[in-house]
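Step one of this worksheet: look at the structure below.
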Amino acid sequence: MLAITSATGKLGSAVLNALLENKLIDPKELVVCTSSDPSEQRFDGFRAQSITVRYTNFDEPEALEQAFAGCDKLFLVSTPRISMDYNDAPLWKGREAHHRAAIDAAIKVGVKHIYYTSLAFGNPSKASVMRAHVRTEAYLHELAEKEQVDYTIIREGLYNESWPLYFGYYFGLQEETRKEVIVGGDGPISWTAIADMAFGSAKVVAAPSAEWAGKTFYLSQNKTWSLKDIAQIVSKVKGAEVKLKVVSRKEHEEFYVKEKGMEQPAVEWWSSTYDALKDGECDIKDPTLEKLLKEAGRTPKALEETIEEMLGK
């Protein structure tokens, strides 16, 4: 059986949908893990397909063990509680603490293979967002060397759908009136649609365990777009020019904290991402995803299409 954490989140739900829509795994072999009450009506659709729904919580080891019991595979989606990483969190105090709790619980109840969703930055990386991922990857390597579990590290591409975060927190979308967007750096990014990487992830977890065991790879398309490119796309869609202004990391932090009133630890944690972009960390050249898509007669979704959809055009 395969357990999927964060199965109602963006990536987890997309992977689950890909498994079901492409008939890659028998629904009876799937365990949906949720921090919500499994008896809620919104999960009736899963139960109607004979999918098991179980409660889980990264802060409750017993709940993790109960959720993963009877499973031989775990698709571990990284926890979204990014505040754990703020202020240069020391080892096992950041999000990797949640990941370790899930990994330890899985091994304890007999899970043989863990598929971990890392992120498509370099290694080593200047981006603070990668710190917990790198620590989790190292822990899985350590356990595998001791032959306690097999692992597959999937460095999921930067979501097409996440462009507003990188583009100066441009979350107002249609309501945004900024003529200029300030960021702390720019560089090529291999943007990848959630549905595309979810399909790739689904193919990987559904394959025989030995096929991907011990591997670390990226699920990103190879074409890149910079933040400057995004400014041009947004300008075209909105019918009004939106310029990109690249400033120093310190200026970026001061602007969003002092001028926009954002939380300082969050801005400081995120601003290191721009150092990584400048170094080309997100310019991914891994053929894995495009090969999986091609085999299914698919091509990667272009960033322009996603932006147009999100801006309501």
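Throughout, read-outs are computed from the coordinates displayed, never taken from laboratory work. Everything numeric in this text was worked out from a predicted model, so none of it was measured. Positions of Cβ are backbone-derived with ideal geometry, glycine not excepted, and every protein chain shown enters the neighbour counts.
Before moving on, here are some points about what is shown:
- Under a Gaussian network description of the chain, with springs only between Cα atoms under 10 Å, the residue in Glu290, Glu211, Glu268 that fluctuates furthest is Glu211.
- Note that the range 100-176 shows a convex hull volume over its alpha carbon atoms of 112 Å³ per residue.
- A viscosity of 1.306 mPa s and a temperature of 10 °C, combined with the Kirkwood radius over C-alpha pairs in the Stokes-Einstein formula, give the range 159-227 a diffusion coefficient of 110 µm²/s.
- Near the amide H of Leu119, within less than 5 Å, lie the amide hydrogens of Glu156, all on another chain or at least 5 residues away, with H placed in the peptide plane.
- Helix-only mean residue ellipticity at 222 nm for the chain, each DSSP H run of n ≥ 4 adding -39500 (n - 2.57), per residue, nearest 500: -11500 deg cm²/dmol
- Debye intensity ratio I(q)/I(0), log10, the range 198-240, q values 0.15, 0.22 Å⁻¹ (C-alpha model): -0.59, -0.78
- Each label point was placed 7 Å from the Cα along the Cα-to-Cβ direction; for Ala207 and Ser235 their separation is 4.2 nm.
- Cα centroid separation - the range 251-266 against the range 12-31, whole Å: 41
- Between the range 205-238 and the range 82-132, the alpha-carbon center distance in angstrom: 20
- DSSP-defined beta bridges in the range 124-269 - what % are antiparallel, rounded to 5: 10
- Neighbours of Phe43, meaning other residues whose beta-carbon lies under 14 angstrom from its beta-carbon, give a summed charge of 0 when Lys and Arg score +1 and Asp and Glu score -1.
- Its alpha carbons give the range 83-217 an Rg and a Dmax of 17.3, 55 Å.
- Ratio Rg/Rh [Cα only; Rh per Kirkwood] for the range 17-123: 1.00
- For the residue pairs Lys126/Lys258; Lys258/Lys278; Lys10/Lys179; Lys238/Lys301; Lys28/Lys285; Lys108/Lys285, the alpha carbons lie more than 27 Å apart in Lys10/Lys179; Lys28/Lys285; Lys108/Lys285.
- Close amide-amide hydrogen proximity is noted between Ala3 and Val31, Lys73, Leu74, Phe75, each under 5 Å apart and 5 or more residues distant or on a separate chain (H modeled in the peptide plane; Pro and chain starts excluded).
- Two-decimal log10 I(q)/I(0) for the range 56-116, as the Debye equation yields it once each C-alpha is a single scatterer, q = 0.12, 0.25, 0.26 Å⁻¹: -0.28, -0.99, -1.04
- Cβ-derived FRET efficiency at R0 51 Å, Lys215 paired with Lys245, nearest 0.05: 0.80
- Expressed to the nearest 5 percent, the antiparallel share of DSSP beta bridges inside the chain is 5 percent.
- Using C-alpha pairs under 8 Å with a sequence gap of at least 6, the mean separation divided by the residue count of the chain gives a relative contact order of 19 percent.
- Normalised per residue, the volume of the convex hull around the Cα set of the range 194-313 (Å³): 155
- Along each principal axis, Cα extent of the chain, largest first, Å: 55, 44, 39
- Taking amide H as placed 1.01 Å from N in the peptide plane, the amide H of Ser35 sits under 5 Å from that of Thr56, each at least 5 places away or on another chain.
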